[in-house]
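Working notes, structure below.
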Amino acid sequence: MTDVDIEHKAPRMLRTPKELTEAGLLAPDQVASAEKVGENFSIGVSREILTQIRTSKNNSSLMRQFVPDVKELTVVDEERPDPIGDTSYMPIKGITHRYPDRLLLIPNHTCAVYCRFCFRREKVGPGQDYLTAEEMQNALEYIRQHKQLREVILTGGDPLVLSARRIASLVRELSAMEHLDLIRFHTRVPVVAPELVTPEILKAMESDKIVCIVVHANSAEEFGDPARQAIRSLRKAGLMMVAHSVLLKGVNDTPEAMTALLREFVRNGVKPYYLHHCDLAEGTSHFRTTFEEGQALMRAIRGTVSGLAQPNYVMHIASGHGKVPIGPTYLEKEGDHYIVTDYLGGRHVYPPRAGE
């Protein structure tokens, strides 16, 4: 693979504790601990996020997501380097094939920012682990040979830091496979590095297949005007737009913060898709809520946010057994009848033979 083949457009970042200190994101007495964090996990704050931190009225949710914290040096017993079991489902390099009809294609492990809670934080980093031309062809051949596949999910890392030429090549290859219905890009780029959503990138994603952009954002404070314009451009290009988020303590774990995030998505034409319970990645215990807190949050927004704005609250089962819904239930059996709970907590009797 030549340098041109692996060319990407990763945005300018603040990458070191010194740069973060000079930008006012770290106090001088935090530098030593941030350097220790950086020995284990990548650091990167994009210029767009720096702007949002400086202009947001409530920037604590941004600081918590992107600025290294000494708490990351605490690893609790249940945490693990591969919390969702990717490696157990990797038949060849670059492919994670967990479900029968879809798989992950991972062309790189470089991101536009480096989140402090990332479930692949052991792997991601600047310039990390691009597939060679041979490895990519092997991955594509695997997809061609598995005719039961319907979706390919490009993830990483962040696939939208690849060059337009590289993305166009991948989209062409995948679009030519008749058994595929949908090509997905899981990305933070439209929000954290919107300058990378160029006309060339939009052109590169043109396909006869459905192309879906799954945008990752966790707080309304991440959205500036450039992010909104980038999302508008993606929508005008005819791309399906959905969103996923991670439930994070101190970021979006209140009804007010979650409501603001979900409404920001919908306001910009992006359908909330998944809300992930924070995975058991090493050094992330300070981000995790309990399941009960997550379910209470979903109950709290049930009646205040429309169905179009409701994500599916899910968790990854450790060791690679996939993700499952873990949202609250509103129906229970009591004697020979059912009890249904409404969004205000009212309980209502339902006929015993309903649905028979």
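Of all residues in the range 201-227, those being among the β-branched types (V, I, T), surrounded by 17 or more Cβ atoms within 10 Å (Cβ to Cβ) and in a strand (DSSP E or B) number 4.
Report the residue count in the range 16-54 for those that are within 20 Å of T74 (Cα to Cα), part of a helix (DSSP H, G or I) and touching a helix residue (DSSP H, G or I) at 6+ places or on another chain (Cβ under 7 Å). Residues meeting the conditions: 8. In the range 195-212, the residues that are closer than 19 Å to D225 by Cβ form Cβ pairs under 8 Å with partners that are hydroxyl-bearing (S, T, Y), at six or more places apart or across chains, as follows: V197/S233; L202/S233.
With respect to R120, determine if the residue is in contact with an Asp or Glu (Cβ under 8 Å, 6 or more places away or on another chain) and farther than 20 Å from P190 by Cβ. So that I can check it myself, show each step before the final result.
Details: in contact with an Asp or Glu (Cβ under 8 Å, 6 or more places away or on another chain): yes; farther than 20 Å from P190 by Cβ: no.
So R120 does not fit the description; no.
Scanning the range 74-93 for residues that are in contact with a strand residue (DSSP E or B) (Cβ under 7 Å, 6 or more places away or on another chain) and in a loop (DSSP other than H, G, I, E, B) returns E79, P83, I84, M90, P91.
Just one residue in the set T187, T155 is within 23 Å of G269 (Cα to Cα) and either touching an Asp or Glu at 6+ places or on another chain (Cβ under 8 Å) or surrounded by fewer than 17 Cβ atoms within 10 Å (Cβ to Cβ) (or both); that residue is T187.
Only one residue in G156, G224 is of a type in the set (G, A, S), in the same structural domain as F66 (by TED's automatic domain parsing) and modelled with pLDDT under 95. Which one?
Values: G224 fails: modelled with pLDDT under 95.
Every option except G156 fails the conditions.
Checked against (1) free of Cβ contacts under 8 Å to residues at least 12 places away in the same chain; (2) touching a strand residue (DSSP E or B) at 6+ places or on another chain (Cβ under 7 Å), V314 meets all criteria but (1).
Checking each residue in the range 75-106 for being among the small types (G, A, S) and surrounded by fewer than 20 Cβ atoms within 10 Å (Cβ to Cβ) picks out G85, S88.
The values are calculated or read from the model by the stated rules, or taken from the named source; none is laboratory data. These figures come from a predicted structure and were not determined experimentally. Here Cβ is always computed from backbone atoms with ideal geometry, including for glycine, and neighbour counts include all displayed protein chains.
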